[in-house]
1. Any residue in the range 224-234 that is open to solvent by 60 Å² or more (accessible area, probe 1.4 Å), more than 21 Å from Pro191 (Cβ to Cβ), among the acidic types (Asp, Glu) and at pLDDT below 90?
2. Do we have Phe192 as assigned to a loop (DSSP other than H, G, I, E, B) and touching a helix residue (DSSP H, G or I) at 6+ places or on another chain (Cβ under 8 Å) here?
3. With the condition kept exactly as written, say whether any residue in the range 64-85 is buried (at least 19 other Cβ atoms within 10 Å of the Cβ), out of contact with any Leu (no Cβ under 7 Å at 6 or more places or on another chain) and either modelled with pLDDT under 95 or under 21 Å from Asn23 (Cβ atoms) (or both).
4. How about the range 46-62: which of its residues are open to solvent by less than 10 Å² (accessible area, probe 1.4 Å) and in a loop (DSSP other than H, G, I, E, B)?
5. Scan Ser33, Ser3, Ser29, Ser91 and give me the residue that is part of a helix (DSSP H, G or I) and free of Cβ contacts under 8 Å to residues at least 24 places away in the same chain.
6. Among the residues of the range 174-202 satisfying the criterion of being within 14 Å of Arg146 (Cβ to Cβ) and among the β-branched types (Val, Ile, Thr), which is modelled with the lowest pLDDT?
7. Taking Leu123 as meeting all but one of (1) assigned to a helix (DSSP H, G or I); (2) loosely packed, with under 13 Cβ neighbours inside 10 Å, write down the number of the exception.
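The values are calculated or read from the model by the stated rules, or taken from the named source; none is laboratory data. In this text the structure is predicted, and so the values were computed from the model without any measurement. We place every Cβ from the backbone using ideal geometry, glycine too, and count neighbours over all the protein chains shown. The protein model used for the area step is the full one, side chains on, heavy atoms only, and it has no ligands, DNA or RNA in it. Shrake-Rupley method; radii C 1.70, N 1.55, O 1.52, S 1.80 Å.
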Amino acid sequence: MESERESFDLSGPLHLTYALWDNAYHRMSVAASLVQGVYILERDRQEKREGKNALAPPWWTFFHFQLLRPLVDDVDYSIFGAIYEFRPPSSQYNDTLYRSPRYVIAFRGTLTKSDSVSRDIELDIHFIKQGLHQTSRSEIAIQAVRNTVATVGDSNVWLAGHSLGSAMAMLTGKTMAKNGMFIESFLFNPPFVSAPIERIKDERVKHGIRFAGSVITAGLTIAMQAKQPKDLSADPFAALAAWVPGLFVNPSDHICSEYIGYFEHRRKMDEIGAGVIERLATQNSLGGLLMSAFGKESEPLHLIPSASLTVNVTPSRDFKEAHGIHQWWKPDLQLEHKLYNYK
């Protein structure tokens, strides 16, 4: 039942009674729980659950966080994010506390409920059209992050998000990174705008399709640069390379699974001596190039230079489970981890 999945006591990580902040699983699980807290904040608002009837608070108080303030959309007035402050009791102090955040800014994804679904889907479409950065919700998010970082510094802040909220966290993180501030980020099931090539089983066919796509994208990039001269020595990815967000993907989730192929293809292209082609292709999307050709601004959020990629290879029953936030705090997960640094 929906209420069971919203209840921390019934579906939360009760096994995490003591967070070790240098433990990757603990950090991931806490970040995912804080994102879930945003989902339930909005559900509490929709269902008019207040006081002792509210289901959201345990999702952050269990880990000794306090809700500083929710982030509210200026169009439908739904809660799409939250700023949390970590307030550990003296009994919780340990040698790993230096790895903990002081503040976490978390963003939820799409809620398929009548009070918020139309605005959320509108933003999903903006993301697909590479225009999420032009929305008022993104402005609210970026300003909240800027203000927090200005107060406590980027090293004391975490970003976290799921699905559409992951795209919002990606946008804010990239915006800050362009200004030399690198925020630790936990991006769960981040959407990747692409044909679902990763679902193809034949590795040779999959590589062939990706190779052809890289050649076409690189060719169009060169043509566009010739038409609109730019400083070719300026590598827009180089400025972002020092930001290494944590991406958490499931191969059975076609919304985010393309990140697996995106980074692996880049590595393979380097191995076969086609790194120059791929460096051009990996910075641009065909959709973005076409929009630029018609004089329209675009921001392909899914294209990033570096990442710490965690893949949940635990079998999923269905797409809903593969794309859900709940998977990221389950015990006994089968996880694979790879670090990709842009060079």
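1. Scanning the range 224-234, I find at least one residue that is open to solvent by 60 Å² or more (accessible area, probe 1.4 Å), more than 21 Å from Pro191 (Cβ to Cβ), among the acidic types (Asp, Glu) and at pLDDT below 90, so the answer is yes.
2. yes
3. No.
4. Going through the range 46-62, the residues open to solvent by less than 10 Å² (accessible area, probe 1.4 Å) turn out to be 56, 59.
Matches in the range 46-62: Ala56 only.
5. Just one listed residue meets the conditions, Ser91.
6. Per the criteria, the residue is Thr175.
7. (2)
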